[in-house]
Amino acid sequence: MTIKSDVESANAAYAESFGDKADLALPPARGFLILTCMDARLDPAKYAGLAEGDAHVVRNAGGRATDDAIRSMVISHKLLGTREWFVIHHTDCGMLFFDDGLMGDLLAGSLETAELTPEGFRNRSEPGGSTEGRFVKWHTIADQEASVLEDVTRIRHHPLVNPAIPIYGYVYDVKTGRMNEIAAATGAGRPRS
Ligand SMILES: [Zn+2]
């Protein structure tokens, strides 16, 4: 079995029992959105109790409030009616273990997967990569409580975000599965009208 055939057979089994999910409405039934990290250990459907059709989940590396994340969030509210937003970063995030300078260096040395050593990410070999990585802002994280506060604050002040939407900030603990609310972030995300 390959990765591709595994995924395709899992999907075939899922479709077999798809049932009345064919009748789900386009707007999320429970009216909220989660912005979180793509980390494979995080499953928002499980940790936040979602079924198909319930909520929007926007994911990227770090769960950062990038321009593209905010694009999705604005669509989510303006066109599809979500009314409360959760920004959920997490412990042991890969975004803690590098910065823009290191990522630029790693990609300049090689495009192959780096290894994570006790001293951080490093290339296994350096056949040459691309210096394009030096022109990208990677939105790395130095401290999760600070990053979730920063992102909630950015979303709160974005001119296209309805000030009536409450935005809550959390750090999910990968050792316990618990969402720990960051009071300063939720405070910064209070509705402004
Ligand atoms: Zn992460």
Subject >> In segment 115-138, the residues that are within 16 Å of the ligand (Cβ to nearest atom) and either among the hydrophobic types (A, V, I, L, M, F, W, C) or in the same structural domain as R83 (by TED's automatic domain parsing) (or both) >> reply: L116, F121, W138
**OP:** From A13, A45, grab the single residue that is assigned to a helix (DSSP H, G or I), hydrophobic (A, V, I, L, M, F, W, C) and outside the structural domain of Q144 (by TED's automatic domain parsing).
**Re:** A13
Original post:
If a residue has to be away from the ligand (no atom under 16 Å from the Cβ) and out of contact with any helix residue (DSSP H, G or I) (no Cβ under 7 Å at 6 or more places or on another chain) to count, how many in segment 54-72 make the cut?
Top reply: 6
Original post:
Taking interchain pairs and intrachain pairs at least six residues apart, which have beta carbon atoms under 7 angstrom, with the first residue in segment 38-66 and within 17 Å of G177 (Cα to Cα) and the second aromatic (F, W, Y) and modelled with pLDDT of 95 or more?
Top reply: L42/Y172; Y47/Y172
Original post:
Out of all the residues in segment 167-179, is one or more part of a loop (DSSP other than H, G, I, E, B), touching a residue at least 40 places away in the same chain (Cβ under 8 Å) and surrounded by 16 or more Cβ atoms within 10 Å (Cβ to Cβ)?
Top reply: no
Subject >> Test: residue in segment 23-34 that is more than 20 Å from I141 (Cα to Cα), under 16 Å from the mean Cα position of the chain (by Cα) and modelled with pLDDT of 95 or more >> reply: yes
Subject >> Residue within segment 49-56 that is within 18 Å of the chain's Cα centre (by Cα), at pLDDT 95 or above, buried (at least 20 other Cβ atoms within 10 Å of the Cβ) and part of a loop (DSSP other than H, G, I, E, B) present >> reply: yes
**OP:** Can you confirm whether segment 85-98 contains a residue that is more than 16 Å from the ligand (Cβ to nearest atom) and in the same structural domain as T36 (by TED's automatic domain parsing)?
**Re:** yes
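The values are calculated or read from the model by the stated rules, or taken from the named source; none is laboratory data. Everything numeric in this text was worked out from a predicted model, so none of it was measured. Cβ atoms come from the backbone with ideal geometry, glycine included; neighbour counts cover every protein chain shown.
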